[in-house]
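Asks: For reference, the structure I am asking about is given below.
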């Protein structure tokens, strides 16, 4: 039995919207979302974008496993999946095409493209006058070395993988010799001003945005400057103030995100700056410190977007 058949079968009688849940593996997040959609009277069908494609003999021109000759009422993009440049381009093409023929896709292919590319995210934030650390992205080791020589006089830099998540692959750059060779960075150097400040450890803030509102937030604490929960950061409930909320909503809007995890930090001058916007954020760590179901609110946001009527659960953090 396929991934989509295994999950769709128990909910055949629901009669509500059929939602394609784009996943890589059927993990905790996928199960949490599928259960939330079921509670809302919808059917979530897990779909791997690696199994989707095009068939121009079909009326829609698309092949979406689990939907036969039809199409989903909407798509919730939890993961794209790793692959070659060609395969990832095809998966994004499927999302673009679904959106083009009127199927709501959250988040859109364009938003996913911006957010998985840290340089594009930094550009979108700066272009929309959202405070974010100075960033340089180049395709030359010689130019990267010039930037490091110039900028490390003012402070440390962070080298990040252009495509990366969960805090993996980050490296502090103190001097020119700290730069890895061209091949080790896949030909792209993404350098950002290091603005974390040690205050009895390090901390940053993640705000979860859905459909134009902040639904939850947490502070992540760590002894190390990399605070991601996956790498040992400790989550703690955060009551965001109006400045945080405004910044998170502006950041999500800048990349066109219907839902997003917005990471921000206070610099040495106690000014909030946005570090990243994640269009496929996890919430397992956040769920540990909130008293309501984040998946229920995400499902509610999508179903409200497509006009599926019902009275939704509220949350104190939905501000």
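Asks: Could you tell me which of rounded, prolate or oblate describes the stretch 206-265, using a ≥ b ≥ c as the square roots of the eigenvalues of the alpha-carbon gyration tensor, with rounded for a/c under 1.5 and, failing that, prolate when a/b is larger than b/c and oblate otherwise?
Replies: prolate
Asks: Then there is this: Please find, in a Gaussian network model of the chain (springs between Cα atoms separated by less than 10 Å), the residue of 30, 44, 257 whose mean-square fluctuation is greatest.
Replies: 30
Asks: So if we plug the beta-carbon distance of residue 139 and residue 39 into 1/(1 + (r/R0)^6) with R0 = 45 Å, what FRET efficiency do we get, rounded to 0.05?
Replies: Efficiency for this residue pair is about 0.40.
Asks: Sticking with this one: Can you tell me how much longer the chain between residue 250 and residue 151 gets when fully stretched, taken as 0.36 nm per residue apart minus their C-alpha distance, in nm with one decimal?
Replies: 32.8 nm
Asks: Which three extents, in whole angstrom, do the alpha-carbon atoms of the stretch 168-225 cover along their principal axes, largest first?
Replies: The Cα atoms of the stretch 168-225 stretch 42, 32, 17 Å along the principal axes, largest first.
Asks: Using the number of other C-beta atoms within 10 angstrom as an exposure proxy, rank 225, 237 with the fewest first.
Replies: 237, 225
Asks: Just 126, 269, 252 to compare: in a GNM of the chain, with alpha carbon springs under 10 Å, which one fluctuates most?
Replies: Looking only at 126, 269, 252, the largest GNM fluctuation is found for 269.
Asks: Return a whole-number percent for the relative contact order of the chain, with Cα pairs under 8 Å and 6 or more residues apart as the contact set.
Replies: It comes to 16 percent, rounded to a whole number.
Asks: Here's a follow-up. Using alpha-carbon positions, what is the distance between the centroids of the stretch 270-295 and the stretch 124-180, in Å?
Replies: 24 Å
Asks: Just grab the label-to-label distance for residue 267 and residue 31, each label 7 Å out from Cα along the Cβ direction, in nm (one decimal).
Replies: Result: 4.3 nm between the two label points.
Asks: Taking 45 Å as R0, compute the FRET efficiency from the Cβ-Cβ separation of residue 63 and residue 289 and round it to 0.05.
Replies: About 0.65, to the nearest 0.05.
Asks: I've got another one for you. Per residue of the chain, what 222 nm ellipticity follows from adding -39500 (n - 2.57) for every DSSP H run with n ≥ 4, rounded to the nearest 500? Write down the numbers at each step before the final one.
Replies: Values: 9 runs with 92 residues, N = 319.
The per-residue figure over the chain is -8500 deg cm²/dmol.
Asks: Determine the distance separating the Cα centre of the stretch 19-48 from the Cα centre of the stretch 96-120; give it in Å without decimals.
Replies: One Cα centre to the other: 19 Å.
Asks: When a footprinting reagent is the concern and you count Cβ atoms within 10 Å, what order do 239, 151 take, fewest first?
Replies: If I rank by nearby Cβ atoms, fewest first, I get 239, 151.
Asks: Also, I was wondering about something else. Specify the residue with the greatest mean-square fluctuation among 85, 163, 292, computed from a Gaussian network of the chain linking alpha-carbon atoms under 10 Å apart.
Replies: Sorting by GNM fluctuation, first place goes to 85.
Asks: A follow-up question, please. With a Förster radius of 25 Å, plug the Cβ-Cβ distance of residue 183 and residue 231 into 1/(1 + (r/R0)^6) and report the FRET value to the nearest 0.05.
Replies: On the way: r = 25 Å, r/R0 = 1.00.
Once rounded, the FRET efficiency stands at 0.50.
Asks: State, as an integer percentage, the relative contact order of the stretch 134-193 based on alpha-carbon contacts under 8 Å between residues 6 or more apart. Please report the intermediate quantities before stating the final value.
Replies: Working: 87 pairs, mean separation 31.1, N = 60.
Reported relative contact order: 52 percent.
Asks: As a test of understanding, state the convex hull volume per residue of the chain from its alpha carbons, in Å³.
Replies: 141 Å³
Asks: Would you please classify the overall shape of the stretch 27-162 from the alpha carbon gyration tensor, given that a ≥ b ≥ c denote the square roots of the eigenvalues, rounded means a/c under 1.5, and beyond that prolate means a/b larger than b/c while oblate covers the rest?
Replies: Here the stretch 27-162 falls in the prolate category.
Asks: So, one more: Need one number for the stretch 161-310: average projected area of the convex hull over its C-alpha atoms, nm².
Replies: 10.5 nm²
Asks: Can I ask one more? Calculate I(q)/I(0) for the stretch 134-193 by the Debye formula, one identical point scatterer on each C-alpha and no solvent, and give its log10 at q = 0.18, 0.20, 0.26 Å⁻¹ to two decimals.
Replies: -0.53, -0.66, -1.13
Asks: Sort 137, 56, 271, 111 so the one with the fewest other Cβ atoms within 10 Å of its own Cβ comes first. Provide the component values of the computation, followed by the final result.
Replies: Numbers: 137 19, 56 7, 271 11, 111 24.
Sorted ascending by nearby Cβ count, the order is 56, 271, 137, 111.
Asks: Jot down the radius of gyration and Dmax of the stretch 3-106, Cα atoms only, both in angstrom.
Replies: Radius of gyration, then largest Cα-Cα span, for the stretch 3-106: 13.0, 39 Å.
Asks: Now for a different question. What is the stretch 167-319's relative contact order, in percent, from Cα pairs under 8 angstrom and six or more apart in sequence?
Replies: Averaging sequence separation for qualifying contacts and normalising by length gives 23 percent for the stretch 167-319.
A short reminder: the numbers here are calculations on the coordinates, not readings from a lab. In this text the structure is predicted, and so the values were computed from the model without any measurement. As a convention, Cβ positions derive from the backbone with ideal geometry for all residues, glycine included, and neighbour counts pool all protein chains shown.
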